[in-house]
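Worksheet: the structure to be examined is printed underneath.
The values are calculated or read from the model by the stated rules, or taken from the named source; none is laboratory data. It should be emphasised that the depicted structure is a prediction, and the values quoted were computed from it without experimental measurement. No Cβ is skipped: glycine too gets one built from the backbone with ideal geometry, and neighbour counts run over all protein chains shown.
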Amino acid sequence: MADSKLDREFLRTVLSLAAKPEVDRLLLISDVPLSAEHLRGRPLKKKLVYAVTEDRLAQSLRRQGYVCVTVPPYDYSRVEKVKVALVAAMTANVLADGENVLCLTGRSGARMPDTLIRLQIGRGFEEKAAIDTIGLGAEFNPQVVEALVSLAMAIGHEGFEGHPIGTIFVLGDSTAVMEQSKQLTINPFQGISEAERNVQDPNIREAVKNFAVLDGAFVIRWRRAPSPSASPSPRAPSASSRTAIPSSSSNKSPAAPDPPK
């Protein structure tokens with residue numbers, strides 16, 4: 001589908017706004033980089049932060065001197081895309097507390113963005129709650145922790161079919177936990193490949209909500225996958241450096257209390 005006049009005008013307006021001195025960063029969540037024509041005459045290169053799903057594209061953008069982070073390639077809503085990209089950028093130390101950021105994104109697969117969110121890093125409950133997860137140890141992926149915290153809050157708020165429920169998410173040494181746990185019921189994730197049961201996938205999170213009605217716990221297992229770090233912080237983990245996989249459900253850990261009914 002060809003870009004409409006409104007699409008082009010919207011993008012020009014956003015780029016003009018981003019060029020103003022009051023704006024510190026433009027976070028573009030898209031696998032379609034801005035063209036040279038879009039950037040011509042606008043001092044945006046130092047402000048621009050790309051959030052892309054493809055490692056090859058990220059490497060190409062870094063070679064061109066752009067700051068770039070990688071995010072999981074799932075079909076997130078627009079707001080979720082922004083939250084995931086914010087955590088990735090904060091983890092890579094490319095956004096600082098107090099900075100004014102314009103976040104530009106659109107629907108998955110679209111060439112042109114259609115959604116703009118303005119925020120100041122560190123202000124607002126949702127953004128602060130997400131960003132606070134980066135204070136955890138290096139063994140934890142902030143994006144995964146943020147996704148699980150949001151999921152736990154959704155389960156506590158929505159319940160199941162109108163009834164309150166609770167569950168347990170166990171993060172850490174999954175091997176030690178599983179060695180001291182006993183599976184009491186059928187594991188609903190048994191037989192599903194690791195690639196298909198990543199808790200950063202909205203579809204899997206929806207499945208976890210449904211399975212949370214079982215009286216038990218979800219043990220999260222980390223799978224490390226090396227990926228280039230975000231420029232200009234070569235030691236910072238990229239957004240896809242670790243993924244989390246529900247290893248099993250309804251496992252009782254001796255140290256963990258039963259979830260509330």
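Within segment 69-86, being crowded, with 20+ Cβ neighbours inside 10 Å and among the β-branched types (Val, Ile, Thr) holds for Val69, Thr70, Val71, Val82, Val84.
Looking across segment 193-223 at every residue that is under 21 Å from Gln143 (Cβ atoms) and β-branched (Val, Ile, Thr), the one that is farthest from the chain's Cα centre (by Cα) is identified as Val219. Kindly evaluate Thr53 against the criterion of being buried (at least 16 other Cβ atoms within 10 Å of the Cβ), at pLDDT 90 or above, touching a Ser or Thr at 6+ places or on another chain (Cβ under 6 Å) and more than 16 Å from Met112 (Cβ to Cβ). In short, no. Taking residues in segment 3-21 that are over 16 Å from Ile117 (Cα atoms), and partners anywhere that are part of a helix (DSSP H, G or I), not one pair has Cβ atoms closer than 6 Å while being at least 6 places apart or on different chains. Applying the set (1) exposed (fewer than 12 other Cβ atoms within 10 Å of the Cβ); (2) within 20 Å of the chain's Cα centre (by Cα) to Arg63 leaves exactly one unmet item: (2).
The C-beta contact set for segment 146-175 (first residue of a type in the set (Lys, Arg), second residue crowded, with 18+ Cβ neighbours inside 10 Å, distance under 9 angstrom, 6+ apart or interchain) is empty.
Looking only at segment 44-60, residues that are in a loop (DSSP other than H, G, I, E, B) and under 16 Å from the mean Cα position of the chain (by Cα) come to 2 in all. Of the residues making up segment 24-43, those that are over 20 Å from Met112 (Cβ atoms), part of a loop (DSSP other than H, G, I, E, B) and either at pLDDT 95 or above or among the polar types (S, T, N, Q) (or both) number 1.
Can you tell which of Ala110, Ala36, Ala89, Ala96 is within 30 Å of Glu196 (Cα to Cα), surrounded by fewer than 20 Cβ atoms within 10 Å (Cβ to Cβ) and not assigned by TED's automatic domain parsing to the domain that holds Glu146? Before you say what the answer is, go through the steps one by one.
Working: Ala36 fails: within 30 Å of Glu196 (Cα to Cα); Ala89 fails: surrounded by fewer than 20 Cβ atoms within 10 Å (Cβ to Cβ); Ala96 fails: within 30 Å of Glu196 (Cα to Cα).
The conditions single out Ala110.
Take the conditions assigned by TED's automatic domain parsing to the domain that holds Asp114, within 16 Å of Asn93 (Cβ to Cβ) and among the acidic types (Asp, Glu) and apply them to Asp24. Does it pass? Judged against the criteria, Asp24 is a match.
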